[in-house]
Structures are given as structure tokens and as C-alpha cells.
Amino acid sequence: MVKKTVHCPNCGKIVTCSGEPGDVVKIICSSCFSEGKVTFEKTILSLNAAIEVSDLKKVYGDLVAVNNISFTVQKGEVFAFLGPNGAGKTTTVEMIESIRQPTTGDIKIFGKDIKTSFDGMKEKIGILPQEFHSFEKLTVKETLVYFSKLYKKRADIDSIINAMDLKDEEKKYYKDLSGGLKQRVGVAISLVNDPDIVFLDEPTTGLDPKARREVWAVIANLRDRGKTVFLTTHYMEEAEYLADHIAIIHKGKIIAEGSLDELINKYGDESILRIKNCSSKNAVDVLKENGFEAKTEGNSDIAVRIEFKERVLEVLSILKHECIDYDNIDIRRSNLEEIFLKITGAKLSEADE
Ligand SMILES: Nc1ncnc2c1ncn2[C@@H]1O[C@H](COP(=O)(O)OP(=O)(O)OP(=O)(O)O)[C@@H](O)[C@H]1O
Ligand SMILES: [Mg+2]
């Protein structure tokens, strides 16, 4: 499955969609709801592909850890490989990095099969492994210089330090850094060879919310600098916040794939508008008479199903017209946690193998 971004010819909004090479896919603009078609040409798509994985499988004894998965990561996108503990994320990413051998299947990086041309590829990728550690008694700068010497192509270390916001820490020992800073050093190490693709395996696991946000800013910065980012995570908020393209893996299989909007459109429910502390007992009836699906929640809140955003204003103007008072409103659309629950019957946060 590959992703394509087009401009809606009617309103100009960017619309993303997925399809296989040769497919003609029907799309609906999320802003003006115009319908259109997008053709996925074979040649252009493979030119844009950074990573192509086909029928990849890994068996450990009796366990099929990765079960015939296929996906494509486009150049310049943040691709989130999202799944619970034990889903097969690290096994997959380490097969792409040539650290583990696939049982069967093919992997191409920039169109070249890694079985025959990984040596050339090594210079083009950067890796932050899961549970990364570095040398305790090297400073941040010494650490980066050390790792850069492993490559022929070397990025400017001071630029990496600045881009990763590590200037104040460059003379500190790795052992004296906080968890968030250590992860930032890990991301910085993955950049010492100025790679085109950066693999980050669970870069924010174990970090507090502030440190996690700081690492997210670093990852967003990588995308802004044109890098392709392969982000492995079990945090759905991380995928929602950062990813252009998400593949959800569960028990070794990809169970859903696409942009966040595509996943929500395909698997999510419509948005729910909640009218808080509504004064009128008739409000639900009034909304139903006007064609809305509405129900009471708790004592005095009302939930209204909203298919598209213009209908929010319609609901509010009906309430105003009928002089129905309320305290507040909130609008919530489906998220990845709900989508995961819908597809697998388990919560992502509780679905560890
Ligand atoms: N070297 C190995 N030998 C045997 N089984 C393994 C090996 N590596 C991983 N596994 C098993 O394969 C499955 C997938 O593991 P993997 O580490 O790829 O999952 P993951 O999605 O990265 O999980 P986590 O979120 O915990 O990092 C798990 O059941 C794991 O126990
Ligand atoms: Mg893992």
C-alpha cells in the first residue's frame, strides 16, 4: 500500500489516499466533500518509495513473529509502525536494518534489494535501537564524534547538536543526562552519517510527558529537514501527533494502514458533539425533529452524532433559536485507540502479547 497526496480541485485542501500501483481510488475531500479519483501509477510510486517490504515473514521456532506483511514507506514521510508489546515491530524494523534475517520475503531500500546491496545502504540509514545505551563516560560531543567515525559520510556534529537542542549538554557525560536527554542523544547518534532514512525504535518509551514532547519536536524537525522517519511506537498519541502514514501491527500482521484521516474515515465513527449541562428537557426531541441523531448522556449532557463539521453550527443555531441554554460544548472524533479496539476487540494499551 502506498500513499499519495493531492490538492482538491474544488477547494485546494490537501487530501491523502492510499492504493496499490495501478489502482484508481475514489476520494472525498474532508473539507468540501467533493468526490474525485486518484490514479496510482507504477513508475512514479516506486521512484518515491524509500522502503518497500513485500510478504515479509519471521519465524522463531513455533512462533510466527511477523506474518507475511507488505507496506511501502514514501520518501520524506514520518511512517509510524504502531502496535502493542510483542506485536513484531522490532523484529520487522531490524530485518529492514539487516540486523535480523527474514525467514521469507523481500525488502528494498531506495529500489534496491537489501539482500544484495545492503553495504551501500548502510551509509544511507541511521538507527536508534530499542533500549539504546551509550558510553557513560563520554560527553555528548565525544559520543557523536565517536559514532561518526564509523561512517564514510559524516554530518557536521555541531549542526546536529544545534538541531537536536543539545548545545547546553555537549560537555556533559552521557551518564549524567536525564532519560529524555539520553534519548535525544540517541536520535542525534542516528544522524551522524547524515542519513536519508532514520529508524527510531520506541524513542519515547519510559519518558515523562515533557521529555516525550521534546523528542517529538526533534522528530518533527527531522521531517522538516527532508528525512524519511521510520518510527516504531506503541503510543497512539505519538503516531497521531507525528505520523503522515501509519501501519498498525498486531500479532505479526498489519491490520490497518493509511494516514490518520484515512484510518478514522475507514474505521472510526463520526465525530460526537457534546452539549454540556443543557437546560431543556426537550433538546433531544428538538434535535431529532431536525434530523439529528441525539441522545441524553448522564443527567443533562446531550451527545449528537456529527457527520461533517458544518452540522455543528446547525446544531448550535437550532439551540439558539429554541432558546435552549447550555454551559459548554466539546467535539471529539475517533482516535487510534478506538480504531484499534474496533478492529481487534482489545485496547492498544492492554493488548500486549
Ligand atoms: N530472538 C528471538 N527469539 C525468539 N522469539 C523472539 C525473538 N525476538 C522476538 N521474539 C518474539 O517475537 C515476538 C515479537 O517481538 P518484537 O520484539 O518484534 O515485538 P515488538 O512489537 O517490538 O514489542 P515491544 O513493543 O515489546 O518492543 C514476541 O513474541 C517476542 O517474544
Ligand atoms: Mg520492540
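A simple packing score, the average count of other Cβ atoms within 10 Å per residue, orders the peptides 167-173, 257-263 as 257-263, 167-173, with the highest score first.
Simple rule: put +1 on each Lys or Arg Cβ and -1 on each Asp or Glu Cβ in segment 4-53, find the dipole, and look at F33, T5, P21; the Cα lying farthest toward the positive end is F33. Short to long, the 20 Å bins of the Cα pair-distance histogram for the chain hold 26, 50, 21, 3 percent of all pairs.
Computed over segment 20-122, the P(r) tail beyond 20 angstrom holds 49 percent of alpha carbon pairs. Spatial offset of segment 63-97 relative to segment 260-274 amounts to 24 Å, using the alpha carbon center of each. Fully extending the segment from T39 to D208 would add 56.5 nm, taking 0.36 nm per residue of separation and subtracting the current Cα-Cα distance. Please give, to one decimal in nm, the separation of the simple spin-label points placed at N290 and L313, each 7 Å out from Cα toward the Cβ. Label at N290, label at L313, 1.3 nm between them.
Multiplying the residue separation of K342 and E322 by 0.36 nm and removing their Cα-Cα distance gives an extension gain of 3.5 nm. Only one residue of H234, V218, V312 has its Cα farthest out toward the positive end of the dipole of the chain, where Lys and Arg carry +1 and Asp and Glu -1 on Cβ, and that residue is V218. Which angle between 0 and 90 degrees, to the nearest 10, do you get for helix 310-321 versus the longest principal axis of the chain when only C-alpha atoms count? Between the helix axis and the principal axis of the chain, the angle is about 30 degrees.
Estimated from helices alone, the mean residue ellipticity of the chain at 222 nm is -8500 deg cm²/dmol (sum of -39500 (n - 2.57) over DSSP H runs with n ≥ 4, per residue).
Structure remark: mean-square fluctuation, Gaussian network model of the chain, C-alpha springs under 10 Å; the largest value among A188, A247, A211 belongs to A211. Evaluated with a Cβ-only charge set (Lys, Arg +1; Asp, Glu -1), the chain carries a dipole of roughly 900 debye about its Cα centre, given to the nearest 20. For the listed peptides 128-141, 219-232, a ranking on the average number of other beta carbons within 10 Å per residue, highest first, reads 219-232, 128-141.
Each Lys and Arg Cβ is given +1 and each Asp and Glu Cβ -1; about its Cα centre, segment 167-287 then shows a dipole of about 400 debye. Between segment 151-184 and segment 286-301, what is the C-alpha centre distance in whole Å? Using only Cα atoms, the two centres lie 54 Å from each other. Highest average first, the peptides 89-95, 20-26, 284-290 ordered by how many other beta carbon atoms sit within 10 Å of their residues are 89-95, 284-290, 20-26. Take the Cα of K276, go 7 Å toward its beta carbon, and the backbone nitrogen atoms of segment 304-344 under 16 Å from that spot belong to 304, 325-333.
Between the Cα long axis of helix 179-189 and the first principal axis of the chain there is an angle of about 60°, rounded to the nearest 10.
The numbers here are math on the coordinates, done by the rules we state, and not lab data. The structure displayed is predicted, hence computed values, not measured ones. FYI the Cβ positions are ideal-geometry reconstructions off the backbone, even for glycines, and counts take in every protein chain you see.
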